[in-house]
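K.L.:
I am attaching a structure below and will ask some questions about it afterwards.
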């Protein structure tokens, strides 16, 4: 088939770009012709909370990436929509994560499908965002009206689809987030510690990814402080990721609780080539989220076969079986602390569980599920 992916890709950075590029590689491996349409302007600078939107990694040499989309310019949306319409792909696939993109993506999609051939499929991170903003609902409605079918990566998002009347009756499929297996081969724990300048004699909990309020880093810091009060274990917490909100409150909390110096603060964006070292060093990956649908961090952990601690919110318990690959706990600092203590005191071996579960999340399974939406 001829497929166009619309969304984030190089030269932009982050999980969305990684996802779209990995999906494009999967389509290519299956014999399809793929082009990614990405942005000339993704976010205006005043709307972007990080330090830069751009990747420091080299451009992929085996993907066709066309920079044409300006998320803020309606005239551009019309031009791009007509251009894709003329190319007449069999599928236009859009990964949707933020209502802000609704007007842009929705307009492009509605024009692209006027050729009577192109079918629009959306892969949904969220339909209802973690952090609400004015315009969320009408922007999302505008996008949804042009979509022919949905892939929901969590059951909670699958349930959200019909909360927009324009979606009622449209085909949809649940297919969990596939493995992030494109961060290189695993390295040894000693190599990971050496690369990061860490003492391999210590054990490490890892909080990984962009730091936003809903991800619960404050809960984890409180839990880690309680853990240190209860145990004599030589354990550090690694916080690896860029702040997308005010980081000073986390520093102050850690100081108030007396654990600031027991935390390894790696609060910069982690480039793709360094990801494997953080997971190599980690004994446990903690995701103390206050709200969630699904998370790419779990799929990185599966790839590197690292046990996880997640809170019982959104779709996280669906992909992290409690007691098999780690712990599922109530969204509460005390429950998180209790699981940390159990992990260090009981020395559980989750190796076989991780190996078995990761087999469920292949990209081939994901594309097979997506193609069930190819025809009405």
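K.L.:
For segment 119-275, just the Cα set please: Rg and Dmax, both in angstrom.
P.N.:
That works out to 20.3, 59 Å for Rg and Dmax.
K.L.:
Can I ask one more? Under the rule of -39500 (n - 2.57) per DSSP H run of 4 or more residues, summed and divided by the residues of the chain, what mean residue ellipticity at 222 nm is obtained, to the nearest 500 deg cm²/dmol?
P.N.:
-10500 deg cm²/dmol
K.L.:
Would you mind listing how long segment 189-358 runs along its three principal axes, going by Cα atoms, in whole Å with the largest first?
P.N.:
Principal-axis extents of the Cα atoms in segment 189-358, largest first: 40, 34, 33 Å.
K.L.:
Another question about this same structure. By counting other Cβ atoms within 10 Å of each Cβ, how are 311, 118, 372 ranked from fewest to most?
P.N.:
372, 118, 311
K.L.:
Nearest 10 degrees is fine. How inclined is helix 15-29 to the longest principal axis of the chain, computing both from alpha carbons?
P.N.:
60 degrees
K.L.:
Roughly speaking, what is the stretch gain from residue 86 to residue 22, that is 0.36 nm per residue apart minus the C-alpha to C-alpha distance, in nm to one decimal?
P.N.:
20.5 nm
K.L.:
How many percent of the alpha carbon pairs in the chain exceed a separation of 26 Å?
P.N.:
When every Cα pair of the chain is considered, 52 percent fall beyond 26 Å.
K.L.:
What fraction of the Cα pairs in segment 1-98, stated in percent, has a spacing above 18 angstrom?
P.N.:
Roughly 45 percent, once rounded to a whole number.
K.L.:
Take each of the peptides 286-294, 150-158, 57-65, 179-187, average the number of other beta-carbon atoms within 10 Å over its residues, and list them starting from the highest.
P.N.:
Averaged packing, sorted descending, gives the order 286-294, 150-158, 179-187, 57-65.
K.L.:
Tell me, in nm to one decimal, what length is gained between residue 117 and residue 133 on full extension, where the rule is 0.36 nm per residue of separation less the Cα-Cα distance?
P.N.:
Stretched out fully, the residue 117 to residue 133 stretch lengthens by 2.3 nm.
K.L.:
Determine, for 114, 203, 358, the number of other Cβ atoms within 10 Å of each Cβ, and report the residues in order from fewest to most.
P.N.:
With the fewest neighbours first, 114, 203, 358 line up as 114, 203, 358.
K.L.:
In addition: In nm, what is the difference between 0.36 nm times the number of residues separating residue 199 and residue 67 and their Cα-Cα distance?
P.N.:
Contour length minus the Cα-Cα distance gives 43.2 nm.
Values in this text are rule-based calculations from the coordinates and carry no lab data. This one's a predicted model, so the numbers in the text were calculated from it and none came from an experiment. Neighbour counts run over all protein chains shown; Cβ positions are idealised from the backbone, glycine included.
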